1. Ranking request for peptides 48-57, 91-100, 164-173: highest mean number of other beta-carbon atoms within 10 Å first, then the rest in descending order.
2. What label, among (i) 114; (ii) 132; (iii) 175, belongs to volume of the Cα convex hull per residue in Å³ computed from the structure on display?
3. Taking 0.36 nm per intervening residue step and subtracting the Cα-Cα distance, what contour gain separates D67 from E204 on full extension?
4. Output the antiparallel fraction of DSSP beta bridges having both residues in the chain, as a percent to the nearest 5.
5. In whole Hz, what ³J(HN,Hα) sequence does the stretch 124-133 give by Karplus (6.51, -1.76, 1.60; θ = phi - 60°), x for Gly and Pro?
6. Given axes a ≥ b ≥ c from the Cα gyration tensor, I'd like to know whether the stretch 95-177 is rounded (a/c under 1.5), prolate (a/b larger than b/c) or oblate.
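Here, each number is a calculation from the coordinates, and none is a lab measurement. Everything quoted here is computed from the prediction, not taken from an experiment. Note that each Cβ is placed from the backbone with ideal geometry, even for glycine, and that neighbours are counted across all protein chains shown.
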Amino acid sequence: MAVRGVIFDVGGVLVESPFVAALRWRDELEIPNEVMGIMFAEYAAIPEPGAPTPLWHQVEKGELELDDFVTTVRQQFAAHLDPDHPAMHLRGSDFNVFREAGAHWAMIHRAWELREEGVVTAILTNNVKEWGEWRDVVALDAFDVVIDSCEVGLRKPDPAIWHMTLKEMGVQAAEAVFLDDHQGNVDAARALDIRSVTVGTDIEAALAELEEMLVS
């Protein structure tokens with residue numbers, strides 16, 4: 001079936017990966033890996049039905065303020081850090097992986113071209129409402145639909161957020177291509193019959209894979 005819509009993640013696809021930015025942030029503050037693990041351990045967690053929602057998921061769904069999350073995890077730092085370590089005084093405003101993220105212009109330009117060619121373009125991102133700087137970098141006019149987890153109360157890999165995105169785009173799953181840097185999200189999209197590209201550090205390679213799907 002011909003491709004009628006392309007769905008782009010933000011971090012790692014349209015702008016620098018938040019994981020790369022987090023490592024830079026770790027090095028600048030000299031934060032041990034154990035502490036980074038406390039902060040990001042829940043990112044890829046898949047809770048069992050009926051289990052409590054992980055705190056990080058609550059942040060990305062707009063249910064928990066970033067300051068409240070940071071205050072909670074900071075209490076766990078004491079086992080790994082001296083009391084005067086900068087991370088022991090961390091606030092939500094200090095913790096922003098998108099603050100200096102650079103744009104992946106080749107990907108953004110291709111989104112512009114696709115929209116001009118009549119392809120429906122969308123952003124589908126797991127994000128934090130306090131991390132809105134990416135909207136100042138990405139040319140939002142290049143996208144017909146923007147679905148942000150912290151605004152809609154859903155996050156990838158929940159199938160419901162893809163169904164919402166496809167409905168807003170007016171395309172079927174088999175008519176869409178999805179690009180994301182997190183393999184778990186790519187696998188979840190493929191399970192819904194959405195053709196998908198795992199975006200790594202080589203943006204040009206990801207674009208080449210996208211082009212193959214557009215003509216296949």
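1. Put in order of decreasing packing, that is 164-173, 91-100, 48-57.
2. (i)
3. My answer for the length gained is 45.6 nm.
4. 5 percent
5. 10, 9, 7, 8, 10, 4, 7, 9, x, 4
6. oblate
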